[in-house]
Amino acid sequence: MNPVLCVGCTVIDFVTINDNFPEEDTDRRCLDGFWQRGGNASNVSTVLRLLGSDVDFFGMLSHAGAFRVLLDDLHRRGIDVQHCPHTEMDPPFSSVIIVKATGSRTIVHCNKNYPYVTWQDFSKIDLKRYGWIHFEARKASETIKMMRAVQEHNRMNEERIIISLDFESLFEANLPLCGLCDYVVFSKELANQQGWQTAQETCTELAHRVKPNCPSIICPWGNTGAVCLDATTQNLHNGPAYEPKQIVDTLGAGDSFMAGFIYATYALRQSLPDAVDLANRVAGHKISQFGYDHIAQLQKDNKPGNI
Ligand code: FRU
């Protein structure tokens, strides 16, 4: 099976675990903490590897010393970065506050205009190597050209590359990307910003705006599960969430959902509702512990989703 290519950002997440959410202008100690490689497409790559997929990451890497830890982690996990361009700038980072009682995560991200990969960088990649390309909805002007290149590849080749999009920011700017995809995962936070109150409403409203080239739309909605709208049948389906006994760490739950969905659809060839179910299981399992490594447990005995 051809590898998956994940296009987007990789950043350093500095995570602290706290008794409660800090008050402004106080000096306090956290209960614990750790740092890890983060960023949406970067996390999707991590979880796909843990589930057993071959993955390449395509994003801006850095020669800065602070980036070494990210590179080491990518190498250690067997995520190929051979196509990535480099900059001298320091990597982006996020300060993440996790509240112990709820597992909630609050992210303050610092990007400082870190450069994003361009269509020119992307055009050097031999796309024949891939069966699925996943994009973060970022820098729409470049991403749209990358997606068009994949579509062009699909017109000229028998083996089609499936395109997915993780849509969680800048609604108007990123909306034009949707019509170029097979699957769009749309975030609850962005839906709320649009005034859409349910996952069903989000799928229907988004489909309405993307017509006539509507992709299948998937909308995860926290503990009520996820709704998907099938592009061919126009059927809506609701998949329940899998809440663990204790919610420990919700950082990257959406990225884990995305990876679970790609894995189920691509590697396991599951139907849309089944893939959404597995994505819910992966996200539910992710939030039961800190970090991502425990997701590999789902693959024990070859029973993905065996929470
Ligand atoms: C989680 C995440 C973090 C990162 C932030 C960037 O989805 O990818 O790892 O700090 O979002 O927005």
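The values are calculated or read from the model by the stated rules, or taken from the named source; none is laboratory data. Note that this is a predicted model, so its numbers are computed, not measured. Note: ideal-geometry Cβ built from the backbone for every residue, glycine included; neighbour counts use all protein chains shown. Each accessible area value is taken on the protein alone, full model and side chains, heavy atoms only, with ligands, DNA and RNA left out. Shrake-Rupley method; radii C 1.70, N 1.55, O 1.52, S 1.80 Å.
Rounded to the nearest 500, the 222 nm mean residue ellipticity of the chain from helices alone is -9000 deg cm²/dmol, with -39,500 (n - 2.57) taken per DSSP H run of at least 4 residues.
Taking the chain as the region of interest, the number of lysine pairs whose Cα atoms are within less than 23 Å, with members eight or more places apart or on different chains, is 18.
Measuring between their Cα centroids, region 28-74 and region 78-121 lie 8 Å from each other.
For the chain, modelled as a GNM with alpha-carbon contacts under 10 angstrom, which of Leu177, Leu190, Leu31 fluctuates the most? Highest fluctuation of the listed residues: Leu31.
Mean-square fluctuations from a GNM of the chain, with a 10 angstrom spring cutoff on Cα atoms, peak among Lys286, Lys188, Lys112 at Lys112. Treating each Cα of region 181-281 as one equal point scatterer and applying the Debye formula with no solvent, the log10 of I(q)/I(0) at q = 0.11, 0.12, 0.19 Å⁻¹ comes out as -0.30, -0.36, -0.89.
Couplings for region 108-120, taken from phi via the Karplus curve 6.51 cos²θ - 1.76 cosθ + 1.60 with θ = phi - 60°, read 10, 9, 10, 10, 6, 6, 4, x, 10, 5, 10, 4, 4 Hz in order; Gly and Pro are left as x. When the Gaussian network model of the chain links Cα atoms closer than 10 Å, the mean-square fluctuations of Tyr116, Tyr183, Tyr263 top out at Tyr116.
Between rounded, prolate and oblate, where does the chain land on the alpha carbon gyration tensor, with a ≥ b ≥ c its root eigenvalues, rounded for a/c under 1.5, else prolate if a/b exceeds b/c? The shape class here is rounded. The slack between Ala101 and Arg160, meaning 0.36 nm per residue of separation minus the straight C-alpha distance, is 16.7 nm. Looking at the chain, the accessible area is 47 square angstrom per residue; that uses a 1.4 Å probe and ignores ligands, DNA and RNA.
The orientation-averaged shadow of the Cα convex hull for region 64-212, equal to a quarter of the hull surface, comes to 11.5 nm². Longest segment of the chain with no GluC sites (Glu not before Pro) in a DSSP loop having at most 13 other Cβ atoms within 10 Å? That gives 160-307 as the longest site-free run. In the chain, the DSSP beta bridges split such that about 40 percent are antiparallel, to the nearest 5.
For region 1-54, with equal point scatterers placed on the C-alpha atoms only and solvent neglected, what are the log10 I(q)/I(0) values from the Debye formula at q = 0.13, 0.16, 0.25 1/Å, to two decimals? Calculated log10 I(q)/I(0) at the listed q: -0.50, -0.64, -0.96. For a modelled paramagnetic label at Asp126, 7 Å from Cα along Cα-to-Cβ, the residues of region 69-94 in reach, with backbone nitrogen under 20 Å, are 79-85.
Among the protein heavy atoms of region 1-65, carbon and sulfur supply 45% of the accessible surface, probe 1.4 Å, non-protein parts ignored.
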